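> Got a structure for you, written out below as structure tokens; questions coming shortly.
The values are calculated or read from the model by the stated rules, or taken from the named source; none is laboratory data. The model shown is predicted, which means the values in this text are computed figures rather than measured ones. Positions of Cβ are generated from backbone atoms using ideal geometry, with glycine treated the same way; all protein chains shown enter the neighbour counts.
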Amino acid sequence: MNVSVVLFTSDLRVHDHPPLRAALGPGNETVPLFVRDPAVDGAGFAAPNRLAFLADCLGDLDSGLRERGGRLVVRSGDPVDEVRAVVREADADEVHMAAGVSAFARRREDRLRRALEEDGRRLYVHDGVVTALPAGAVTPDGSDHYAVFTPYFKRWSSERLREPLAAPHKVRVPRGIRSEALPDRADVPSVSEGLAAGGEKEGRKRLTAWLGRGADAYEERHDDLAGDATSRLSPYLHFGAVSAAEAVHRARTRGGPGAEAFVRQLCWRDFHHQVLAARPEAAEDDYRSRSDAWRHGKQAEADLRAWQEGRTGYPVVDAAMRQLAHEGWMHNRGRLLAASFLTKTLYIDWRAGARHFLDLLVDGDVANNQLNWQWMAGTGTDTRPNRVLNPVTQGKRYDPQGAYVRRWVPELAGLEGPAVHEPWKLPGLERARYDYPDPVVELPDGLARFRRARGQD
């Protein structure tokens, strides 16, 4: 009887899981393994919200495996050492895992491959597990990746995605393989109060419900801040509790403008993964340098703290930052506004914003977080690198009645309609009723500073 090990990383599900299905050959026994890597903590990726969500996902994955006669084995330590130990304990012949795109993931794969080869075992790395289309599957002439989204989307849309795989009926795990206790969300400190529940069952339920009820209005309402009409599936995609490929197939089967717009957003996710796969240094370095001399010093630090705390004096930006703190998640339009304000109105390094987002976002994904930040900072793939989003104009457009602001900035709950976006225009006595800060910078001043810095004046 052959024995295999399946190393779970960012693919915490039993449905549409190519490595698991490949390992479960006829009569095979399989060890489903997850390794809690201390290097992840040291790299700053193990933020409380993601640890809590991860605990939910691992518990649900274990339940899904047990329903099929198996179980999840959890170990802590260096993943290469722990995989080798499990391989020896189980006398396994091979290890299967999903391909990653970050420099961290690729180093882990290379180290594991070399170690297993030394032991006479083989590592099989499966593409297209964490994304709908494998990173690097399509490339333009003369380059190893697409640097502009629209041509990538056209090519991506013409490609045939693999068919989703059903969950296995039976998972047989060898006896005697030691496992640590599963982590528990309750043991994680400093978790955002409104953090969503994690796990494959919850993710699949949300996908089904959203495609059934929410997709129709998505094209028209996905930027509606108060309407909250997005799918909220990003955390489940990040942890692989929902398959991106299956989500694309199900949306296309459903059809309609809303489903098509949703598929386009899933393609953006693949786009960023293929950029990072080709340029892993973009996780920290400018993809396209603009020779920025970002602001430093006491005033810049004070402005950064005001932004982090949702006290900039610009209501829609502050509402977005407070939603992030409370839920560990932020509406996509809010992310764009918050990032534009920090990098272009305050002219503070995008890395400071990306770091704060990674500290709190449950869907804090290196590819999407860092490259979306670079897109808004004008150092990434945006073809209009100097665009600046005006928070007042954007607030009135995407939160016209001020409901989103009043939800997250209760100091302004007494204001109605568009006035909520410009509280500094209130008459003196009325303005004094609201315990809300003055703007940290006047928008024309911030715009002029940015244009001087980019040599546009």
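> Return the residues of the stretch 382-404 that are in contact (Cβ under 8 Å) with a residue 40 or more places away in the chain, under 23 Å from the mean Cα position of the chain (by Cα) and surrounded by fewer than 22 Cβ atoms within 10 Å (Cβ to Cβ); say none if nothing qualifies.
Residues satisfying the conditions are Thr383, Pro385, Leu389, Tyr398.
> I would also like to ask the following. In the stretch 152-180, which residues are under 13 Å from His249 (Cα atoms) and in contact with a Cys (Cβ under 8 Å, 6 or more places away or on another chain)?
Across the stretch 152-180, the qualifying residue is only Ser157.
> Pairs under 6 Å by beta carbon, first residue farther than 10 Å from Ser4 by Cβ in the stretch 23-35, partner acidic (Asp, Glu), six or more apart or different chains?
Sorted first by the residue in the stretch 23-35, then by its partner, the pairs are Val35/Glu82.
> Now a separate question. Criterion first (without any contact (Cβ under 8 Å) to a residue 40 or more places away in the chain and part of a helix (DSSP H, G or I)) does Ala352 satisfy it? Reasoning before the result, please.
Values: without any contact (Cβ under 8 Å) to a residue 40 or more places away in the chain: no; part of a helix (DSSP H, G or I): yes.
So Ala352 does not fit the description; no.
> Residue by residue through the stretch 361-381, note down the ones that are among the acidic types (Asp, Glu) and modelled with pLDDT under 95.
Asp365
> What about Ser143, is it surrounded by fewer than 21 Cβ atoms within 10 Å (Cβ to Cβ), modelled with pLDDT of 95 or more and farther than 30 Å from Ser192 by Cα?
Against the criterion (surrounded by fewer than 21 Cβ atoms within 10 Å (Cβ to Cβ), modelled with pLDDT of 95 or more and farther than 30 Å from Ser192 by Cα), Ser143 qualifies.
> Of the numbered conditions (1) crowded, with 22+ Cβ neighbours inside 10 Å; (2) touching a Pro at 6+ places or on another chain (Cβ under 6 Å), Asp37 fails exactly one; give the number of that condition.
Result: Asp37 fails condition (1) only.
> Let me ask something else about it. Tell me, yes or no, whether the stretch 255-263 has at least one residue that is outside the structural domain of Ala319 (by TED's automatic domain parsing), within 17 Å of the chain's Cα centre (by Cα), closer than 30 Å to Gly380 by Cα and surrounded by 15 or more Cβ atoms within 10 Å (Cβ to Cβ). Reasoning before the result, please.
Taking the stretch 255-263 and keeping what is outside the structural domain of Ala319 (by TED's automatic domain parsing), we get 255-263.
With within 17 Å of the chain's Cα centre (by Cα) added as a condition, the list becomes 262-263.
Still in the list and also closer than 30 Å to Gly380 by Cα: 262-263.
If we keep only those that are surrounded by 15 or more Cβ atoms within 10 Å (Cβ to Cβ) as well, we get 262-263.
Yes - at least one qualifying residue is present in the stretch 255-263.
> Being crowded, with 16+ Cβ neighbours inside 10 Å and small (Gly, Ala, Ser): is that true of Ala419 here?
Spelling it out, it is not the case that Ala419 is crowded, with 16+ Cβ neighbours inside 10 Å and small (Gly, Ala, Ser).
> Also: One residue is enough: does the stretch 193-205 have a residue meeting the conditions free of Cβ contacts under 8 Å to residues at least 12 places away in the same chain and either closer than 21 Å to Asn332 by Cα or under 21 Å from the mean Cα position of the chain (by Cα) (or both)?
yes
> Please tell me if Ala229 is in a loop (DSSP other than H, G, I, E, B) and under 25 Å from Ala320 (Cα atoms).
Judged against the criteria, Ala229 is a match.
> Which of the residues spanning the stretch 80-98 are touching a residue at least 24 places away in the same chain (Cβ under 8 Å) and either surrounded by fewer than 22 Cβ atoms within 10 Å (Cβ to Cβ) or more than 28 Å from the chain's Cα centre (by Cα) (or both)?
Scanning the stretch 80-98 gives Val80, Glu82, Arg84, Val86, Val87, Arg88, Glu89, Ala90, Asp91, Ala92, Asp93, Glu94.
> Of all residues in the stretch 403-447, which are of a type in the set (D, E, K, R) and either within 28 Å of Leu304 (Cβ to Cβ) or in contact with a strand residue (DSSP E or B) (Cβ under 7 Å, 6 or more places away or on another chain) (or both)?
Arg406, Arg407, Glu411, Glu422, Lys425, Arg431, Asp435, Asp438, Glu442, Asp445
> Output the residues belonging to the stretch 147-186 that are of a type in the set (Gly, Ala, Ser), not in a loop (DSSP other than H, G, I, E, B) and not assigned by TED's automatic domain parsing to the domain that holds Arg264.
Ala186
> List, please: which pairs have Cβ atoms under 9 Å, are six or more places apart or on different chains, and start with a residue in the stretch 355-369 that is touching a residue at least 12 places away in the same chain (Cβ under 8 Å) and outside the structural domain of Phe45 (by TED's automatic domain parsing) and end with one that is crowded, with 23+ Cβ neighbours inside 10 Å and of a type in the set (Lys, Arg)?
What qualifies is Leu358/Arg50; Leu361/Arg50; Val362/Arg50; Asp363/Arg50; Gly364/Arg50.
> Okay, moving on. What about Gly313, is it crowded, with 24+ Cβ neighbours inside 10 Å and in contact (Cβ under 8 Å) with a residue 24 or more places away in the chain?
Answer is no for this residue.
> Within the stretch 127-136, can one find any residue that is in contact (Cβ under 8 Å) with a residue 12 or more places away in the chain, of a type in the set (A, V, I, L, M, F, W, C) and surrounded by fewer than 17 Cβ atoms within 10 Å (Cβ to Cβ)?
Taking every residue of the stretch 127-136 in turn, none turns out to be in contact (Cβ under 8 Å) with a residue 12 or more places away in the chain, of a type in the set (A, V, I, L, M, F, W, C) and surrounded by fewer than 17 Cβ atoms within 10 Å (Cβ to Cβ).
> Note down all Cβ pairs under 9 Å where the first residue falls in the stretch 326-347 and is over 27 Å from Ser190 (Cα atoms) and in the same structural domain as Val316 (by TED's automatic domain parsing), the second is among the polar types (S, T, N, Q) and at pLDDT 95 or above, and they're at least six residues apart or on different chains.
Listed pairs, sorted by first residue: Ser340/Asn390; Ser340/Gln394; Thr343/Thr379; Lys344/Asn386; Thr345/Thr312; Thr345/Asn390; Leu346/Thr312.
> Looking at the stretch 416-439, which of the residues that are under 34 Å from the mean Cα position of the chain (by Cα) and of a type in the set (A, V, I, L, M) is nearest to Thr312 (Cα to Cα)?
Taking the candidates together, the pick is Val420.
> Can you pull out the residues in the stretch 201-254 that are buried (at least 21 other Cβ atoms within 10 Å of the Cβ), within 28 Å of Ala47 (Cβ to Cβ) and either in the same structural domain as Arg397 (by TED's automatic domain parsing) or aromatic (Phe, Trp, Tyr) (or both)?
If the condition is that a residue be buried (at least 21 other Cβ atoms within 10 Å of the Cβ), within 28 Å of Ala47 (Cβ to Cβ) and either in the same structural domain as Arg397 (by TED's automatic domain parsing) or aromatic (Phe, Trp, Tyr) (or both), then Tyr236, Phe239 are the ones that fit.
> OK, next. Restricting to the stretch 15-58, name every residue that is among the aliphatic types (A, V, I, L, M), in contact with a Phe, Trp or Tyr (Cβ under 9 Å, 6 or more places away or on another chain) and in a loop (DSSP other than H, G, I, E, B).
Ala43 - this is the single residue of the stretch 15-58 that is among the aliphatic types (A, V, I, L, M), in contact with a Phe, Trp or Tyr (Cβ under 9 Å, 6 or more places away or on another chain) and in a loop (DSSP other than H, G, I, E, B).
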